[in-house]
Amino acid sequence: MVGSIVTVAQLMDEIERDIPFFDQSRGGVTFTGGEPMFQREFLLESLLACKEQGIHTIVDTSGYTSWDGFEQIHSYVDIFLYDLKLMDESRHKQYTSVSNHMILDNLKKLSSAKASIIVRIPLIPGVNDDYENIHQSASFLADLPHLDGVELIPYHEIGLAKYQALGMNNKLKEIKPVSRQHIEEVEQILYKYHLPLYKDSIGRIL
Amino acid sequence: MIITERIEKLRQQSLEAEETLSSERAELLTKFYKQEVELVSPPVRRALAFKYLLEHKKISIQDAELIVGEKGPSLKNAPTFPELCCHSLDDLDVLNQREKTSFKVDSKTRNNYEKIIIPFWKGKSMRDLIFKEMTEEWKAAYQAGIFTEFMEQRAPGHTVLDDKIYRKGMLDFQTEIDQQLSRLDYFTDPQAYDKQEELRAMHIAAGAIIHFAHRYAERALEMSANEKDDIRINELRKIAEVCNHVPAYAPRNFWEALQYYWFVHLGVTIELNTWDAFSPGRLDQHLLPFYRQGINKGELTHQIAEELLQCFWIKFNNQPAPPKVGVTAEESGTYTDFAQINLGGVRPDGTDGVNEVTYLLLDVIEKMRLLQPSTSIQVSKKNPDRFVKRATKIIKTGFGQPSVFNADLIGQELIRMGKSIVDARCGGSSGCVEVGAFGKENYNLTGYFNMPKVFEITLHDGVDPRTGKKLGLATGNPAEFKSMEEVLEAFEKQVNYFVDIKVRGNNVIERLYAKYLPCPFLSLLIDDCISKGMDYHNGGARYNTTYIQGVGLGTMADALSSIKYHVFENATFSMGGFIDILDTNFVGQDQLRQQLLNRTPKYGNDDDFADEVMTRVFEIYYNSIDGRPNTKGGEYHINLLPTTVHVYFGSVTGATPDGRIAWTPLSEGVSPVQGADHKGPTAVLRSVAKMDHARTGGTLLNQKFTPQVLESDEGLDKLVQLIRTYFRLDGHHIQFNVVDAITLRLAQQHPEQYRSLIVRVAGYSDYFCDLSKTLQDEIIARTEHEGY
């Protein structure tokens, strides 16, 4: 399926084949990317089609899209996997070239709308793993009216070989994986804010 | 993992002992048949022969053993059965010299064969009789590789034991036999005399096995008198006590239960070389009362139970499968005799059958890592995930065991074939994947049926292009076929024609065994032989099934899909043109062959185009066989499994329309063609589940994973769910090879470093290094699923 253009009907034909497996393992479909919110109409139609079939849905998003997109889809999404990278706006701009204003705003609104949300914090040494950012993130999350879980996604080097194979320049190649000890320290901070920390669950690779 | 010194020693001894062919049984039997002068009925004669063998065969108790008894004079000495099939000197030389799975034949044995055994049995064995009785059509089809015939060198006997021996001693069986004898009605029942003879024979056989056990008791006492070690003295005395009690009386404890079964196992496999797989069946349920009672009384501990089970396991591994004769001796490469112990499933009342002994047995399987006995888990929707997951932890260690069965579907299959619901629940799988009502059924696998070969003959209007002989029907010039329906119709006619030939042969062979080689010992163990007064071979069992195993379903599906796609839908080439290409074996046509391989819908990808063709083939095969009457009051049914015959069948079958090169292996079981599935395991399972497994007596599906896939706990959970989903879709069986291709290639290059590498072949596991190069290559080629 990689790199091919499909219609919703074609996509559903593929998805529906796996319904027995979903029913058995309580699995379902995860829309990820890229950024699925950038294909809003297709996403909405696909989500509706999934719901018609009783299929569990997850949308994995950076949150960087206008609110009306989330407003349209959130009733058909069982879980949002929502990235939270950096709290400081200028640092966020530095690394992602966009402001985090809309991202944080959408997260608050989604939470108020009682959507199920698992926030995922990629932990990248030297980029966002400092105590200041962690405290700010935790404090922000603790203030949300509703949150189902928080996951840490520590940086890993699994992708290096892929960059090489594709002849691409990896801007992160100097960065080493986060130490086990530092991960535990960060976890301790999150616990202090009474955040529902998920360990070894969805999306956790290491 | 901790194994006691005793077990380490016995296990090592079992692994290191060399397989030898023993002429002891053949010599004793020859002596018996020579000396016998009195005229007695065939069953009584067989019972007396059995008694004679058990009275005179050498017995031995190995140092440190707790469970005693060997089929041959010592461990890994395989006896022979000249009354069934007498080895020629050439056979002995092949067995002795062949590179893989050889049996050493010493000069004394060879000499005995030359001077005593062959002169007496030549022309008089069952095999001679069978070949004499078969028609010219049968012989031609047999030689062309259209089907095989198990019974030409192994006795029917495919059955598994239920719980009766744990409740009754042989003396109880004798009492039942006496009661039946006293009830015989000589006035109105014309069979009364035959029944009398059969029952007398069973009585003699029961007595013979008691006496056999007493010989072991005596030997143990003799050994204890000469033993210095106090601990061993006590063990030997205990062995004597056990062997004096069972099998004469019902077992009183865990140890006696195991030893009783083992004597029965020896009895059945010494009486005849039953094809195959005789096993205790649902061992976790049979042993549970003894286990609980022992623990409660403080007479048994978990450790003792485990050690006894390990001793029991090693006993199975000490018995290589009977050495074959003729072509089969050259081709059949395994020491495994397919005894398959079942775990889990449901109890007779339908409730969850998993218990503490189930987990104990899983520990034993994991620690022993032996080729034999083979083991399976029977997964019911009622069983906990913990049970399945515990088994996947063994599966991931990569020795192909346990294999995984759908207990709920097996129940449906058995009920459809006429079993009562309770008998169905007490049944299970045996051998490779075939199902039966344990302790109550005679279900015989009679041979494999080569579907792609029959299709090849269909494409040549009844002629076998390999030899130019006309073997099948004239179903018309295939170049003139105008539609898929015409192709399928012609194929169906040919299948029916060859199945008729096979069934006619089976029906004669069944009678030959019933008349000339009754098996009174096996008969007394299987309901309702005693109450009917009839032999197991003669319809004495409560249920009687004759199976014919279809081979090459995947190859057939892809071949027909290819014709449908390229000839009738896209007109890539004409029917006649396609057959011409096949006749050249794609020489100079590599591009076209690649198109067939890569640009054609294939079975195994959840593609209805190919899968619909697969179900058509399934229905044609099913309709040609299912429900035909056999000679024992039962019916014919189908299974779809190959063991290793897909390699042999491939070697006689020319190029096929799916792009398969002539003489290469066919697909195995119900698995897709090797390498044709490329959409991952869920698509394979969906495709395979499109056939109606409930109307078979067993199907075999192979899946191979690299160890990495199952490394994490999450990976195992996924495997559990994958199994559960396949079973929700009513799949019958699935087995997993967990090993990567690199390891397999290394093993091929350096077999000496990989002697212990066990892989799943097809319905059984084997040492990779013992397999032929072709089979090794084929296992490497089977699609490797990198993840799911």
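How many residues are open to solvent by less than 60 Å² (accessible area, probe 1.4 Å), within 11 Å of chain B (Cβ to nearest Cβ) and of a type outside the set (Asp, Glu) if we restrict to region A:1-18?
Looking only at that region, the number is 1.
Would you be able to tell me the number of residues in region B:690-736 that are within 14 Å of chain A (Cβ to nearest Cβ), part of a loop (DSSP other than H, G, I, E, B) and open to solvent by less than 20 Å² (accessible area, probe 1.4 Å)?
Residues flagged as within 14 Å of chain A (Cβ to nearest Cβ), part of a loop (DSSP other than H, G, I, E, B) and open to solvent by less than 20 Å² (accessible area, probe 1.4 Å) within region B:690-736 amount to 1.
Which residues, counting only those in region B:136-175, are acidic (Asp, Glu), closer than 30 Å to B:Gly472 by Cα and in contact (Cβ under 8 Å) with a residue 60 or more places away in the chain?
Correct list: B:Glu137, B:Glu149, B:Glu152.
Return the residues of region B:741-788 that are part of a loop (DSSP other than H, G, I, E, B), at pLDDT 75 or above and open to solvent by 30 Å² or more (accessible area, probe 1.4 Å); say none if nothing qualifies.
Scanning region B:741-788 gives B:His750, B:Ser772.
Could you check region B:479-497 and list, in sequence order, the residues that are of a type in the set (S, T, N, Q), over 11 Å from B:Phe455 (Cβ atoms) and in a helix (DSSP H, G or I)?
B:Asn496
Looking at region B:388-438 only, could you name the residues that are part of a helix (DSSP H, G or I) and within 26 Å of B:Arg628 (Cβ to Cβ)?
B:Leu409, B:Ile410, B:Gly411, B:Gln412, B:Glu413, B:Leu414, B:Ile415, B:Arg416, B:Ile421, B:Asp423, B:Ala424
Counting only residues that are more than 21 Å from the chain's Cα centre (by Cα), give me the helices (runs of 4 or more DSSP H) lying completely in region A:1-86 with at least 2 of them. It would help to see each step written out before you state the result.
Working: elements: A:8-16, A:19-25, A:40-52, A:67-73.
Here the list reads A:8-16, A:19-25, A:40-52.
Quick one: which residue in B:Ile118, B:Ile165 is under 30 Å from B:Gly539 (Cβ atoms) and either open to solvent by less than 10 Å² (accessible area, probe 1.4 Å) or modelled with pLDDT of 95 or more (or both)?
B:Ile165
Can you find, within region B:675-689, the residue that is farthest from the other protein chains (Cβ to nearest Cβ) among those that are surrounded by 24 or more Cβ atoms within 10 Å (Cβ to Cβ) and part of a loop (DSSP other than H, G, I, E, B)?
Here the answer is B:Ala676.
Give me a count of the residues in region B:111-137 that are farther than 23 Å from B:Leu272 by Cβ and either acidic (Asp, Glu) or assigned to a helix (DSSP H, G or I) (or both).
Count: 5.
Could you tell me which residue of region B:420-439 is nearest to B:Tyr648 (Cα to Cα), considering only residues that are in contact with a Cys (Cβ under 8 Å, 6 or more places away or on another chain) and not aromatic (Phe, Trp, Tyr)?
Let us first name the residues in region B:420-439 that are in contact with a Cys (Cβ under 8 Å, 6 or more places away or on another chain), namely B:437-439.
Of the ones still in play, those that are also not aromatic (Phe, Trp, Tyr) are B:437, B:439.
Working: B:Ala437: 31, B:Gly439: 33 Å.
The extreme case among them is B:Ala437.
Looking only at region A:60-78, decide whether some residue is under 22 Å from A:Glu151 (Cβ atoms), among the acidic types (Asp, Glu) and in contact with a helix residue (DSSP H, G or I) (Cβ under 8 Å, 6 or more places away or on another chain).
Scanning region A:60-78 turns up at least one residue that is under 22 Å from A:Glu151 (Cβ atoms), among the acidic types (Asp, Glu) and in contact with a helix residue (DSSP H, G or I) (Cβ under 8 Å, 6 or more places away or on another chain).
Return the only residue of B:Gly539, B:Gly468, B:Gly533, B:Gly554 being among the small types (Gly, Ala, Ser), closer than 30 Å to B:Gly654 by Cα and open to solvent by less than 50 Å² (accessible area, probe 1.4 Å).
From the options B:Gly539, B:Gly468, B:Gly533, B:Gly554, the qualifying one is B:Gly554.
Step by step: first the residues of region A:19-52, then only those that are of a type in the set (A, V, I, L, M, F, W, C) and within 14 Å of another protein chain (Cβ to nearest Cβ), then the one that is nearest to B:Phe727 (Cα to Cα). Which residue is that?
If we filter region A:19-52 for residues that are of a type in the set (A, V, I, L, M, F, W, C), which is where we start, we get A:19, A:21-22, A:29, A:31, A:37-38, A:42-44, A:47-50.
Narrowing further to those that are within 14 Å of another protein chain (Cβ to nearest Cβ): A:19, A:21-22, A:29.
Working: A:Ile19: 14, A:Phe21: 11, A:Phe22: 14, A:Val29: 22 Å.
Looking at residues that are of a type in the set (A, V, I, L, M, F, W, C) and within 14 Å of another protein chain (Cβ to nearest Cβ), I get A:Phe21.
With the structure loaded, tell me whether B:Asp189 is open to solvent by 50 Å² or more (accessible area, probe 1.4 Å) and under 30 Å from B:Lys532 (Cβ atoms) or whether it fails that test.
Criteria not met by B:Asp189.
Considering B:Glu65, B:Glu8, which residue is crowded, with 19+ Cβ neighbours inside 10 Å and not β-branched (Val, Ile, Thr)?
Matching residue, one of B:Glu65, B:Glu8: B:Glu65.
The values are calculated or read from the model by the stated rules, or taken from the named source; none is laboratory data. Everything numeric here is computed off the predicted structure, so don't read it as measured data. For neighbour counting, all protein chains shown are included, and Cβ atoms are generated from backbone atoms with ideal geometry for every residue, glycine included. Each accessible area value is taken on the protein alone, full model and side chains, heavy atoms only, with ligands, DNA and RNA left out. Shrake-Rupley method; radii C 1.70, N 1.55, O 1.52, S 1.80 Å.
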